[in-house]
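Down below is the structure, laid out as structure tokens.
The values are calculated or read from the model by the stated rules, or taken from the named source; none is laboratory data. Model, not experiment: these values are computed from the prediction. So basically every Cβ, Gly included, is an ideal-geometry build from the backbone, and we count neighbours across all protein chains shown. The area values use the complete protein model at the heavy-atom level, side chains included, leaving out ligands, DNA and RNA. Shrake-Rupley method; radii C 1.70, N 1.55, O 1.52, S 1.80 Å.
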Amino acid sequence: MPCTRIDSLIEYPCDFPIKIMGSVNDGFAQTIGEVVRQHDPSFDIATIETRLSTKGNYLGLTVTVRATSREQLDNLYIALSSHPLSKMVI
């Protein structure tokens, strides 16, 4: 019996959370929000959740996007992880 490839375990469209970590910077959340909005025009920057690291050196952001395709998510991950302000994207 041939093996079939599953393209995605995600059913689109759906709300999809992404976590981004970066150094504490006054414009970090706003800048990341603008990057996200390029890939999800309905994204509201006011919905970004923030969490400061224990020592206060890093800021964690959680953004929830309306994912419409794997290609959209792949492109968003590439844009976020290659941005100079972001240290890690999960």
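Below, the figures for the structure above:
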| read-out | value |
| --- | --- |
| Given (1) part of a helix (DSSP H, G or I); (2) open to solvent by 30 Å² or more (accessible area, probe 1.4 Å); (3) within 23 Å of L9 (Cβ to Cβ); (4) not basic (K, R), number of the condition M88 does not satisfy | (1) |
| Number of the condition not met by T54 [criteria: (1) in contact (Cβ under 8 Å) with a residue 40 or more places away in the chain; (2) open to solvent by 100 Å² or more (accessible area, probe 1.4 Å); (3) among the hydroxyl-bearing types (S, T, Y)] | (1) |
| Residue match in segment 21-41 (condition: touching a Phe, Trp or Tyr at 6+ places or on another chain (Cβ under 8 Å), open to solvent by less than 70 Å² (accessible area, probe 1.4 Å), without any contact (Cβ under 8 Å) to a residue 60 or more places away in the chain and not in a helix (DSSP H, G or I)) | no |
| Of all residues making up segment 48-90, the number that are polar (S, T, N, Q) and touching an Asp or Glu at 6+ places or on another chain (Cβ under 6 Å) | 2 |
| Among the candidates L9, L80, L59, residue that is without any contact (Cβ under 8 Å) to a residue 24 or more places away in the chain and hydrophobic (A, V, I, L, M, F, W, C) | L9 |
| Some residue of segment 69-80 being in contact with a strand residue (DSSP E or B) (Cβ under 8 Å, 6 or more places away or on another chain), modelled with pLDDT of 95 or more and not in a helix (DSSP H, G or I) | no |
| Complete set of residues in segment 57-68 that are open to solvent by less than 90 Å² (accessible area, probe 1.4 Å) and part of a strand (DSSP E or B) | L59, G60, L61, T62, V63, T64, V65, A67 |
| Pick from segment 1-24, criterion over 18 Å from L52 (Cα atoms) and among the charged types (D, E, K, R), ranking: modelled with the lowest pLDDT | R5 |
